[in-house]
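The structure appears right after this line, and notes come after that.
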Amino acid sequence: IISMQQGGDVKGVFERLSRGIKAVGDSVKAESGKEFALDERYGYIHSCPTNLGTGMRASVHVDLPGWTKEGVDKLKARCEELAVQPRGTRGESGGQTGHTYDISNKHRLGYSEVQLV
């Protein structure tokens, strides 16, 4: 489930995401009688192991012309120091265009949604 919009209203995006997750969960339960798989220690169980825990990936698209000039390897090293990861704006494997990057939290397991945002 994705919630996104232009601008800086992170709280609004998060609130809409929360409503969407609840609506999907309610629908699944109503149709199948089952709920999302939740482990007390590991959080929500997903089909993608990198999304264990909250499964929340909070990201922003940001223009970084200076880092583009310095090189992607230097940007990746700086992001590693900040526990975030750079991606291209075309998705996980879609590549990067220009000097706009998708920067998101690197870790998901063991952190709450509030910590990740």
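The values are calculated or read from the model by the stated rules, or taken from the named source; none is laboratory data. Here the structure is a predicted model, which is why all the values come from computation and not from measurement. In this analysis, Cβ positions are derived from the backbone assuming ideal geometry, glycine residues included, and neighbour counts consider all displayed protein chains. Protein only, heavy atoms only, side chains kept; ligands, DNA and RNA dropped before computing areas. Shrake-Rupley method; radii C 1.70, N 1.55, O 1.52, S 1.80 Å.
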(request) Could you list all residues from segment 3-20 that are at pLDDT below 85, under 12 Å from the mean Cα position of the chain (by Cα) and either loosely packed, with under 12 Cβ neighbours inside 10 Å or not hydroxyl-bearing (Ser, Thr, Tyr) (or both)? (result) 4
(message) Give me the residue from segment 55-83 that is open to solvent by less than 50 Å² (accessible area, probe 1.4 Å) and assigned to a helix (DSSP H, G or I) and, out of that set, farthest from residue 100 (Cα to Cα).
(response) 79
(message) Looking only at segment 32-43, filter to residues that are modelled with pLDDT of 75 or more and part of a strand (DSSP E or B); which one of those is nearest to residue 4 (Cα to Cα)?
(response) 38
